[in-house]
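The structure under discussion appears below in the form of structure tokens.
The values are calculated or read from the model by the stated rules, or taken from the named source; none is laboratory data. Treat the numbers as computed from the prediction; the structure is a model and nothing was measured. Every residue, glycine as well, gets a Cβ built from its backbone with ideal geometry; the counts of neighbours run over all protein chains shown. With ligands, DNA and RNA removed, areas are computed over all heavy atoms of the protein, side chains included. Shrake-Rupley method; radii C 1.70, N 1.55, O 1.52, S 1.80 Å.
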Number of protein chains: 2
Amino acid sequence: MEIAQELAQVLIDGKWQNADVESTFHAENPATGETLPRAFPVSTWSDCDRALAAASKAAVELRGVTPDKIASFLEAYAFRLESATTELVAAAHEETALPISPRLKDVELPRTTNQLRQAATAVREESWKRATLDLERNIRSYFAPIGPVIVFGPNNFPFAFNGISGGDFAAAIAAGNPVIAKAHPLHPNTSRLLAEQALKAAEETGFPTRAVQLIYAISNENGLRLVSEPRVGAVGFTGSKNAGLHLKRAAEEAGKPIYLEMSSINPVIFLPGALAEEEERLARELVDSCLAGAGQFCTSPNLVVLWDGPVAESFLNSVAIAFRERPTQSLLSFAGRKQLHAGVTALVDASAELVTGGKPADGAGARYQNTLLRTTGKQFLSRPHDLQREVFGNVTMAVTVRNVEELQSMLEHLEGNLTGTIYSSKTGTDNETYSVIEPLLRPKVGRLLNDKMPTGVAVSPAMNHGGPFPATSHPGFTSVGIPSALTRFAVLQSYDGVREDRLPPILRNTISNPATWRSIDGAWVKG
Amino acid sequence: MEIAQELAQVLIDGKWQNADVESTFHAENPATGETLPRAFPVSTWSDCDRALAAASKAAVELRGVTPDKIASFLEAYAFRLESATTELVAAAHEETALPISPRLKDVELPRTTNQLRQAATAVREESWKRATLDLERNIRSYFAPIGPVIVFGPNNFPFAFNGISGGDFAAAIAAGNPVIAKAHPLHPNTSRLLAEQALKAAEETGFPTRAVQLIYAISNENGLRLVSEPRVGAVGFTGSKNAGLHLKRAAEEAGKPIYLEMSSINPVIFLPGALAEEEERLARELVDSCLAGAGQFCTSPNLVVLWDGPVAESFLNSVAIAFRERPTQSLLSFAGRKQLHAGVTALVDASAELVTGGKPADGAGARYQNTLLRTTGKQFLSRPHDLQREVFGNVTMAVTVRNVEELQSMLEHLEGNLTGTIYSSKTGTDNETYSVIEPLLRPKVGRLLNDKMPTGVAVSPAMNHGGPFPATSHPGFTSVGIPSALTRFAVLQSYDGVREDRLPPILRNTISNPATWRSIDGAWVKG
């Protein structure tokens, strides 16, 4: 196969430029195994250094940029992404094998532009800055930009979590910071096309162009150096626990806030009354959720709890049948399929029983059989750590428990998760059990759900896409939800006795923005 | 000298009990050098383990405790501290040499009880939980308790920052968590007396007694183990950078949020116009601030910047005279005096010139001469790291700069600080300089002041007693200020589609508390 010699450029300091190249790499089409033609650079430290220098300048420039201009940039970018839909979804499909429709075109890209627009609204409103005025003492505080933010996007959302267009990008920019995006090496071309639109949107709105930068890949060593650099304000990372923990250590050693989303098995508990009432519908709902995006969602249910007995058997039988019947779809990469298989093997080694699947699937691409495993509460309790391993893909494991005490013990051994779900009877027959297990599940998860699957993550101000370690690195923050996600990329700044004409406009006695909520002497006041 | 054999007990699981003793220690009266009679235990891991087990139970119990009961405990504790004033201030004076009046009796203890009462008010109001309701999507979130909090108090505020009575204690309890306090070994008896009142206040208000626990000392190894224990929710630490960084690494490795306040030199910049107008008053203000509490405040000005020239010379001359004339007071310990002297020596070795002081002072106790050093901007820039060393005590260093560019360079080399202060002309002659240096100083400090010294830290909702690393471990949080300090000890919890009768009361459609501010569909609503 002929490989084109063209090497993609990196976006540094407001310009597409030749990378300082350590080596090059090609993405792969996971649906075909074909190596994609364009070569991408693995940058040396020199590129990181240039990007940091530009980001530092951008951080200073951004202090003089009005909220309206930041919002205009975000909106222009959203509009441009819509205009470029055809090209973007084709590129993302080629690199990820995710379906063009509905997934990329009708769900993920609209979600991405919606996030950018919600961020723009938050920027204009300014309430996210949580301006707090103590008029009597003349002490005032608010959240101000933290400085250059490094964003590492994950493999599974080429738009909505991409370092150059996703939730962390929108939040960091909305909070007034420049972003250096590190593309995920599984979709460099998608990232490049997004960055092209970002640069054009910056140019056409007069937003500092060096505030949006993109590099494709760096060595692990340079990654650790990058997150601990003095010029960095903060880091956002979504990805594997292994990579995340290395970056966490490096950033924290240097005193840099780093927000990581790393792993989650998202337990779904079906209480007996719920299954008795709606066994068939719930089986379908579970299958839909487990197989959405080939199970490659951060909130995909990896652990399903059922009450031991004939209803559970019948339910699991339905799920197994559906798993066998539903078509497989390609995973994001062949490497991911290998890891997934290693995960299934590890669960089996840890005593889980394979109900269906467990092998690479027929058909083109990185397909894996829809895989259902099962074990008992007793087994789970004998190896709680090994049996709550995240397996990223179209795999789930059911656990049958004999009684509520067994479930209580399981929950006591549960590690931190993004979500936890309880399905219960509509007539109240599960209420007593609910009241016993909820207090054990609640502290282990960032979001608690009733009677619905966790795979939908609405961009709501009340959303928490976060949770206790090791799901994330800090249980007090969410990476989805506007304006809440913005404060991750902000610092608290207090003004004590500062003369009024020297205060940031939002902290003065009267402000011109009628939409801004501020806390004045203990009361929230608008405008 | 005869040493009493009585060994103090630790407060674990709601009871005063014998410690599991690794070794024992005695505090010292720093004003006399005398070893104090009561022996205190250095606990083994077994005590930590028992305290953690009790704290875990307390965390569960606290979920069933109403805000009103938590508030009542805090208020009863505040009242008890007032009733026990005579005994408390005598003990603190004996262990710290801080003056009984006004410092301990009229300033620090009232501040402590004020903090406890402000925390009680915040608990009753519940607005700190930042309840957020998205009614259309039925997603709701709020801040919930994080679990057992370990508090390490510093040496310099035996009441107001004590692990068992200070700001971190008040914030952690107010957020609904149990506290395990690690007393500072320089004032164990004061901590013991405070804990006696805490236990009695818990008993008389029906607050879970095991939610307030006290140990006096543990090995460094057990300290690291304690902060990284699975049963721990979070850690609060105020103290030295060296100890803090070790605890930080251990806690973060285990994924535990840790909030540290470590070091700060609190630059105070006198612009030329300010000195020209009020040289004498400002010299007095600076001297008062530098020598308050023998300079042992986290916000004590360690670095003073002046414009090179005759006014600076005259100003420094006034300061030097005052430093020589003002009586010295004992430092908190002889060990502290040794460290302070080592710090002065290090500054001199780094090219600072000693103007006055620089030696242990005459008189009883751990006194050190009020010490003024000076250097130039040029020298500072040649060794910026060595010359911004925090020296904890009655020592300050002046830097004379030749022009605004030199000051700009200095500020670019400034590390993270709690505070930064600019004095400027009242008639506007310094405004241009202010506008050039403020953007450089602002991102380096948590609190920016105009025309007043940083040593006062008001307990205001708009206060930021925090700042960029290495002043603290996270620039988004404050350790002083209610309710803002509470969220450090809270986790974000979201409820998605949860049936209304299962929601925490504060997240239901209607609530009974008329004082609570909630964010409902983007608007702040009270009650």
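Take the Cβ atoms of residue A:526 and residue A:200, set R0 to 30 Å, and the FRET efficiency comes out at 0.25. Per residue, the solvent-accessible area of the range B:278-332 (1.4 Å probe, heavy atoms of protein chains only, all protein chains present) comes to 37 Å².
Subtracting the Cα-Cα distance of residue A:405 and residue A:246 from 0.36 nm times their residue separation leaves 53.5 nm of extension gain.
For the range A:456-463, putting each phi into the Karplus relation 6.51 cos²θ - 1.76 cosθ + 1.60 with θ = phi - 60° gives couplings of x, 10, 5, 7, 10, x, 9, 5 Hz, in residue order, rounded to whole numbers and with x for Gly and Pro.
Taking a point 7 Å out from the Cα of residue A:121 in the direction of its Cβ, the residues of the range A:157-201 whose backbone N falls within less than 17 Å of it are A:167, A:170-171, A:174-175.
In terms of the mean number of neighbouring beta-carbon atoms within 10 Å, the peptides A:25-36, B:292-303 order highest first as B:292-303, A:25-36. List the lysines whose alpha-carbon lies under 27 Å from that of residue B:200, not counting same-chain residues fewer than 8 positions away? List returned: B:15, B:57, B:69, B:105, B:182. Computed from the alpha carbon atoms alone, the convex hull of the range A:290-357 holds 101 Å³ per residue.
The modelled label-to-label distance between residue A:65 and residue B:68, using points 7 Å beyond Cα along the C-beta direction, is 5.2 nm. Partner shielding of A:463-470 amounts to 6, given as the average count of beta-carbon atoms from other chains within 10 Å of each residue beta-carbon. The B-A contact accounts for roughly 5300 square angstrom of buried accessible surface, both chains included, probe 1.4 angstrom.
The Rg/Rh ratio of the range B:410-459, with both radii computed over alpha carbons and Rh defined as the Kirkwood radius, is 0.98. Packing, as the average of other Cβ atoms within 10 Å across residues, places the peptides A:102-109, B:240-247 in the order A:102-109, B:240-247, highest first. In chain A, helical runs assigned H by DSSP with n ≥ 4 each contribute -39500 (n - 2.57); averaged across all residues and rounded to the nearest 500, the mean residue ellipticity at 222 nm is -11500 deg cm²/dmol. For the range B:183-238, with all protein chains present and a 1.4 Å probe, just round the carbon and sulfur fraction of the accessible area to a whole percent. The C+S portion of the solvent-accessible surface of the range B:183-238 is 46 percent.
Per q in 0.07, 0.08 Å⁻¹, report the Debye log10 I(q)/I(0) for the protein assembly as shown, using one uniform scatterer on each alpha carbon and no solvent. Log-scaled intensity ratios, in q order: -0.64, -0.83. Reducing the range A:133-184 and the range A:207-285 to their Cα centroids gives an inter-centroid distance of 14 Å.
Please work out the FRET efficiency for the pair residue B:348 and residue B:280, using the Cβ-Cβ distance as r and a Förster radius of 25 Å; give the result to the nearest 0.05. Plugging the Cβ-Cβ distance into 1/(1 + (r/R0)^6) gives 0.30.
At a threshold of 20 Å², the residues of the range B:494-527 that become less accessible to a 1.4 Å probe in the full protein assembly than in their chain on its own are B:494, B:495, B:496, B:497, B:498, B:499, B:502, B:517, B:522, B:524. Computed extension gain for residue B:7 through residue B:326, at 0.36 nm per residue and net of the alpha carbon distance, reaches 110.9 nm. Compared with the alpha-carbon gap, the fully stretched path from residue B:513 to residue B:313 is longer by 66.0 nm at 0.36 nm per residue. Comparing the full protein assembly with the isolated chain, the residues of the range A:474-493 losing at least 20 square angstrom of accessible surface (1.4 Å probe) are A:474, A:475, A:476, A:477, A:491, A:492, A:493. For the rotational copy relationship between A and B, the axis lies nearest to a chain A beta carbon, identified with its distance in whole angstrom as A:524, 2. At a probe radius of 1.4 angstrom, the accessible area of the range B:1-140 per residue rounds to 43 square angstrom.
The Kirkwood hydrodynamic radius of chain B, based on inverse pair distances between different Cα atoms, is 24.1 Å.
Which lysines have a Cα less than 17 Å from the Cα of residue B:256, not counting those fewer than 8 places away in the same chain? Within the straight-line limit of under 17 Å, residue B:256 reaches these lysines: A:241, A:248, A:256, A:444, B:248. With a 1.4 Å probe and all protein chains left in place, how much of the accessible area of the range B:1-102 comes from carbon and sulfur atoms, in whole percent? Roughly 52 percent, rounded to a whole number. Residues in the range B:456-505 average 20 Å² of solvent-accessible surface per residue, probe 1.4 Å, ligands and nucleic acids excluded.
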